[in-house]
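Notes follow once the structure below has been shown.
The values are calculated or read from the model by the stated rules, or taken from the named source; none is laboratory data. Bear in mind that the values here come from a model prediction, so they are computed numbers and not experimental data. Please note: Cβ atoms are built from the backbone with ideal geometry, for glycine as well, and neighbour counts cover all protein chains shown.
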Amino acid sequence: MQRKPWGTMVGVRPSKQVHKLLDAGLAYDQAYAAMHTEYRLSREKFDLLWRVCQLERPVLEESSRPDLFSVYVGIPFCPTRCLYCSFPSHSLAELGRLRSHFVESLLTEIAETGKLAAGFGLTPYTVYLGGGTPTSLAPAELDAVLSALREAFPGRWREFTVEAGRPDTITEAHLATIRRFGVDRISINPQSMHDQTLALIGRRHGSEDIRKAVAMARRAGIPVLNMDLILGLPEENTDMVAVSVRQTMALAPENITVHIFSRKRASRYNADKAAYKLPEADEVAAMQQIAFELLAARYRPYYLYRQRDILGGLENTGFTLPGYECIYNIVMIEERHHILGLGGGATSKIINPGYTLLNIATPKDVRMYLERLPELLAKRSAALHAALS
């Protein structure tokens, strides 16, 4: 029988349950007893949740004011579509011709949403550009988007993140633009440090390109760097994972996010799964164990989430050097803070009293986004009126 470290828990955000217990004043032993009784949760996973929630509590206390909100901007383009990806991204070869039209519409959405937020007296807290790959935009297009965000959401932001993501999209011009607008956190995501794996999953870069991109980002003066790894990629084993973790740690990023391969329905993997060999659950657990042991020398877990069909029934975990937690990741996972999602495939989260919420999803397909933008703006406005009036 397959081990079930998360017991009967099926939700994406298990830490939300622990925060409710902390809100009620429960101590460690009481909280564990409640979680084990309700979900048959293992001590190992409860300990991980407890550590994460302790780091998150100060951020939640600061960010849960009803007048604060964050902005997520989805850029739905990538150079190629990776094997595992189900995010709302189009390869530039597929729909790159719509990129300039998308940017024009996004600039309109940013401006209108800025007016809407100001009308409710809302204060911007964090801003996050994800995707897709934001650096798939030309530097001039990225400049226009960042300029529009600064104009629409004035003030001092707690954090400003841009996912550079794919090393093959990062240029000195992109980094100069990013730095000029005060971006203080970027992601450069290897997924693996093995060239054969990168080729297998559809990347157009090697491990040396990752190192060069990190060096460029450091020269540009970006204060915080995140790097993503995926455990359980086809044809990899535990020794290969250990190499990837060690080589990533050698680049000294402030954040390392450890994902577990998830068999997503909309991915290229799922369309041709017989062609790829994935590790068994026990080996995936061993991969995670060695990764966590290596990271523990310097990093602490600060947020986590789960996914449907994730290998071994495990979880994705963000690790940080002390004091470098990604604020946006915490508020997005814990859902106690308004998030206005703009662009392709973004989701707005409007928080009601008692932490109930309304999700408003933007179409993943860029063509539908372009067609439905007026409708989306009207729906977001109505939701804010209902929650805040």
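Filter segment 359-375 for residues that are touching a Ser or Thr at 6+ places or on another chain (Cβ under 8 Å) and over 24 Å from Ser136 (Cα atoms); which is surrounded by the fewest Cβ atoms within 10 Å (Cβ to Cβ)? Steps first, please.
Here is the first cut: in segment 359-375, the ones touching a Ser or Thr at 6+ places or on another chain (Cβ under 8 Å) are 359-362, 369-370, 373.
Subsequent filtering for residues that are over 24 Å from Ser136 (Cα atoms) retains 359-360.
Values: Asn359: 12, Ile360: 17.
This residue is Asn359.
Within the set of pairs 6+ apart or on separate chains, which have a first residue in segment 201-225 that is without any contact (Cβ under 8 Å) to a residue 40 or more places away in the chain, a second that is in a strand (DSSP E or B), and C-beta atoms under 6 Å apart?
Note: pairs meeting the criteria are Val214/Ile188.
Output the number of residues of segment 94-116 satisfying the condition of being at pLDDT 95 or above and out of contact with any helix residue (DSSP H, G or I) (no Cβ under 8 Å at 6 or more places or on another chain).
Adding up the residues that qualify gives 1.
Filter segment 333-350 down to the residues that are surrounded by fewer than 22 Cβ atoms within 10 Å (Cβ to Cβ) and either aliphatic (A, V, I, L, M) or in a strand (DSSP E or B) (or both) and list them by number.
Matches in segment 333-350: Ile333, Thr347, Lys349, Ile350.
Somewhere in segment 347-364, is a residue within 17 Å of the chain's Cα centre (by Cα) and among the hydrophobic types (A, V, I, L, M, F, W, C)?
Within segment 347-364, one or more residues are within 17 Å of the chain's Cα centre (by Cα) and among the hydrophobic types (A, V, I, L, M, F, W, C).
Consider only pairs whose beta carbons are under 8 Å apart and that are at least six residues apart or on different chains; among these, list those whose first residue lies in segment 43-70 and is at pLDDT below 95 and whose second residue is surrounded by 16 or more Cβ atoms within 10 Å (Cβ to Cβ) and among the charged types (D, E, K, R).
That search, which allows pairs on different chains as well, returns Ser64/Arg336.
Out of Val183, Val103, I need the residue that is crowded, with 22+ Cβ neighbours inside 10 Å and not hydroxyl-bearing (Ser, Thr, Tyr). Which one?
Being crowded, with 22+ Cβ neighbours inside 10 Å and not hydroxyl-bearing (Ser, Thr, Tyr) holds for just one of Val183, Val103, which is Val183.
Would you check if there is a residue in segment 189-205 being at pLDDT 95 or above, of a type outside the set (D, E, K, R) and closer than 20 Å to Leu342 by Cα?
Scanning segment 189-205, I find no residue that is at pLDDT 95 or above, of a type outside the set (D, E, K, R) and closer than 20 Å to Leu342 by Cα, so the answer is no.
Does any residue in segment 361-372 that is assigned to a helix (DSSP H, G or I) come within less than 9 Å, Cβ to Cβ, of a residue that is of a type in the set (A, V, I, L, M) six or more places away or on a different chain, and which pairs are these?
As it stands, the answer is Val366/Leu95; Val366/Leu98; Arg367/Leu95; Arg367/Leu98; Tyr369/Leu106; Tyr369/Leu376; Leu370/Leu98, since those pairs meet every condition given.
Given the residues Ile330, Ile360, Ile351, Ile310, which is the only one that is modelled with pLDDT of 95 or more and closer than 29 Å to Leu49 by Cβ?
On the way: Ile360 fails: modelled with pLDDT of 95 or more; Ile351 fails: modelled with pLDDT of 95 or more; Ile310 fails: modelled with pLDDT of 95 or more.
One residue alone meets the criteria, Ile330.
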